[in-house]
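Here's the structure we're looking at; comments come further down.
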Amino acid sequence: GAGVSQSPSNKVTEKGKDVELRCDPISGHTALYWYRQSLGQGLEFLIYFQGNSAPDKSGLPSDRFSAERTGGSVSTLTIQRTQQEDSAVYLCASSLEREGADTQYFGPGTRLTVL
Amino acid sequence: EDKVVQSPLSLVVHEGDTVTLNCSYEVTNFRSLLWYKQEKKAPTFLFMLTSSGIEKKSGRLSSILDKKELFSILNITATQTGDSAIYLCAVVYSSNTGKLIFGQGTTLQVKP
């Protein structure tokens, strides 16, 4: 594809429900990142994948958050037992590789609203 | 604690004005600094700065990095309404990840 895609674009859920957010990186990009942008805030790093492994999970805010990546491509961010403070835009980015390219290309994001 | 601070947080100008957006940082193991423009959802890449004193330029936008004083500026000359957006500054760690630390962003509104 031409760029990073994410789905769904919007998700409204009830407190306590689980949600899954999907990211399709640019073809050939080995590095994938998840960020969260709360209202009026800058982007907050969540997790980084190199291939299918996640060497840096330091940004995940709680054990309700998890992510996986399969086949070195698509990634899914799962939030269990959602809380109202999880409401934010979740952005995914990819880059060619960690060492060779710092430029991260972002997807359009998923706006999550927890009622 | 590593941090990136942008100023001003918001700015309103008229078309044709020149604006300067600031980004200061305190980050261990600095690797590079990036500027992004965010209009609706996806931030779009503007510049990557690695070396001090070398201006990067693209049309009416330019940016420069000062690694001694730990800041960068983004200049926009002859602003247009299409420049209205949130401008994000981010610093890349030199570590085993390429994660970005973002500033809060500067919201720029350009009035006709």
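The values are calculated or read from the model by the stated rules, or taken from the named source; none is laboratory data. Bear in mind that the values here come from a model prediction, so they are computed numbers and not experimental data. Virtual Cβ from ideal backbone geometry, glycine too; neighbours counted across all protein chains shown. What goes into the accessible areas is simple: the full protein's heavy atoms, side chains included, and nothing from ligands, DNA or RNA. Shrake-Rupley method; radii C 1.70, N 1.55, O 1.52, S 1.80 Å.
Taking the stretch B:39-58 as the search range and keeping residues that are within 27 Å of A:T110 (Cβ to Cβ) and open to solvent by 60 Å² or more (accessible area, probe 1.4 Å), which one is farthest from the chain's Cα centre (by Cα)?
Among them, the one singled out is B:K40.
Table: residues versus (1) acidic (D, E); (2) part of a strand (DSSP E or B); (3) within 10 Å of the chain's Cα centre (by Cα).
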| site | (1), (2), (3) |
| --- | --- |
| A:Q6 | no, yes, yes |
| A:V12 | no, yes, no |
| A:K15 | no, no, no |
| A:I26 | no, no, no |
| A:L32 | no, yes, yes |
| A:Y35 | no, yes, yes |
| A:Q41 | no, no, no |
| A:E44 | yes, yes, no |
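So how many residues does the stretch B:20-38 have that are under 10 Å from the mean Cα position of the chain (by Cα) and away from chain A (no Cβ under 12 Å)?
Selection size over the stretch B:20-38: 4.
Taking the stretch A:25-45 on its own, how many of its residues are open to solvent by less than 40 Å² (accessible area, probe 1.4 Å) and either more than 9 Å from chain B (Cβ to nearest Cβ) or at pLDDT 95 or above (or both)?
Of the residues in the stretch A:25-45, 7 are open to solvent by less than 40 Å² (accessible area, probe 1.4 Å) and either more than 9 Å from chain B (Cβ to nearest Cβ) or at pLDDT 95 or above (or both).
Take B:Y87 and decide whether it is more than 10 Å from every other protein chain (Cβ to nearest Cβ), open to solvent by less than 30 Å² (accessible area, probe 1.4 Å) and not in a loop (DSSP other than H, G, I, E, B).
The answer is yes for B:Y87.
Regarding B:G82, is this residue out of contact with any helix residue (DSSP H, G or I) (no Cβ under 7 Å at 6 or more places or on another chain), in a loop (DSSP other than H, G, I, E, B), more than 29 Å from A:L32 (Cβ to Cβ) and more than 14 Å from every other protein chain (Cβ to nearest Cβ)?
It is false that B:G82 is out of contact with any helix residue (DSSP H, G or I) (no Cβ under 7 Å at 6 or more places or on another chain), in a loop (DSSP other than H, G, I, E, B), more than 29 Å from A:L32 (Cβ to Cβ) and more than 14 Å from every other protein chain (Cβ to nearest Cβ).
Just give me the residues in the stretch B:1-19 being open to solvent by 60 Å² or more (accessible area, probe 1.4 Å) and either away from chain A (no Cβ under 11 Å) or within 14 Å of B:N75 (Cα to Cα) (or both), in sequence order.
Correct list: B:E1, B:V12, B:H14, B:E15, B:D17, B:T18.
Given (1) within 14 Å of another protein chain (Cβ to nearest Cβ); (2) buried (at least 16 other Cβ atoms within 10 Å of the Cβ); (3) farther than 16 Å from A:L96 by Cα; (4) not acidic (D, E), where does A:S9 come up short, assuming only one miss?
In the conditions (1) within 14 Å of another protein chain (Cβ to nearest Cβ); (2) buried (at least 16 other Cβ atoms within 10 Å of the Cβ); (3) farther than 16 Å from A:L96 by Cα; (4) not acidic (D, E), A:S9 misses (2) alone.
Is it fair to say A:G59 is modelled with pLDDT of 85 or more, within 13 Å of A:C23 (Cβ to Cβ) and of a type in the set (G, A, S)?
It is false that A:G59 is modelled with pLDDT of 85 or more, within 13 Å of A:C23 (Cβ to Cβ) and of a type in the set (G, A, S).
Just the residues that are free of Cβ contacts under 8 Å to residues at least 60 places away in the same chain, in a loop (DSSP other than H, G, I, E, B), among the polar types (S, T, N, Q) and touching an Asp or Glu at 6+ places or on another chain (Cβ under 8 Å), please, taken from the stretch A:53-85.
Hit for the stretch A:53-85 is A:S73, nothing else.
I need a count of the residues in the stretch B:43-68 that are within 14 Å of B:R31 (Cα to Cα), outside any strand (DSSP E or B) and either at pLDDT 95 or above or charged (D, E, K, R) (or both).
Here the count works out to 2.
Which residue pairs have Cβ atoms closer than 9 Å, lie 6 or more positions apart in sequence or on different chains, and pair a first residue in the stretch B:69-89 that is at pLDDT 95 or above with a second residue that is in a helix (DSSP H, G or I) and crowded, with 19+ Cβ neighbours inside 10 Å?
B:I76/B:D83
For the stretch A:61-115, enumerate the residues that are small (G, A, S) and either exposed (fewer than 14 other Cβ atoms within 10 Å of the Cβ) or within 14 Å of chain B (Cβ to nearest Cβ) (or both).
Those that are small (G, A, S) and either exposed (fewer than 14 other Cβ atoms within 10 Å of the Cβ) or within 14 Å of chain B (Cβ to nearest Cβ) (or both): A:S62, A:A67, A:G71, A:A88, A:A93, A:S94, A:S95, A:G100, A:A101, A:G107, A:G109.
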